[in-house]
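Undergrad: Have a look at this one before I ask anything.
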Amino acid sequence: MISVYQAKNTRESMFNERTTLTVKEMVFDFEVVANVNTDDLDQAYELTNTIHQPWWTNEGVMFKGSPTHGMKGCRSTSVGDVMIKPLADGNIEAYVVASAGFDKLRLI
């Protein structure tokens, strides 16, 4: 299961070459919008993008957006957004969506 967090300020996030992520940033700069039933980052990205239908209707996607987003106002996952992936040992890994693929973030 991968949790998808969208940046609240998309423009700023797209141009910020993020390499670390703090709990404070997760709380104030991002909003969880979905849990996706996959362990594959590429699949989570694809499922949270509107391609043939609104992404929140895709099988395996559990919409978690707030009323401020609303389903109709929710955008597709894009550069600068963060994906959190749980590991078997109970830890997590965080990745930022890059212009090509994903960059692993150091959690601090």
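The values are calculated or read from the model by the stated rules, or taken from the named source; none is laboratory data. Values in this document were obtained by computation on a predicted structure and should not be read as measured data. FYI the Cβ positions are ideal-geometry reconstructions off the backbone, even for glycines, and counts take in every protein chain you see.
Undergrad: Going through the range 41-60 one residue at a time, which ones are of a type in the set (A, V, I, L, M) and either assigned to a loop (DSSP other than H, G, I, E, B) or surrounded by 20 or more Cβ atoms within 10 Å (Cβ to Cβ) (or both)?
TA: ALA44, LEU47, ILE51
Undergrad: Out of the residues in the range 83-108 meeting the condition of being among the β-branched types (Val, Ile, Thr) and either farther than 11 Å from ALA34 by Cα or modelled with pLDDT under 90 (or both), tell me which one is surrounded by the fewest Cβ atoms within 10 Å (Cβ to Cβ).
TA: Top of the filtered list is ILE108.
Undergrad: Counting just the residues of the range 77-108 that are part of a strand (DSSP E or B) and among the β-branched types (Val, Ile, Thr), which one comes out farthest from LEU47 (Cα to Cα)?
TA: Looking at residues that are part of a strand (DSSP E or B) and among the β-branched types (Val, Ile, Thr), I get ILE92.
Undergrad: Still on this structure, please answer the following. Going through the range 5-30 one residue at a time, which ones are modelled with pLDDT of 80 or more, more than 16 Å from LEU107 (Cα to Cα) and hydrophobic (A, V, I, L, M, F, W, C)?
TA: The answer is ALA7, and nothing else.
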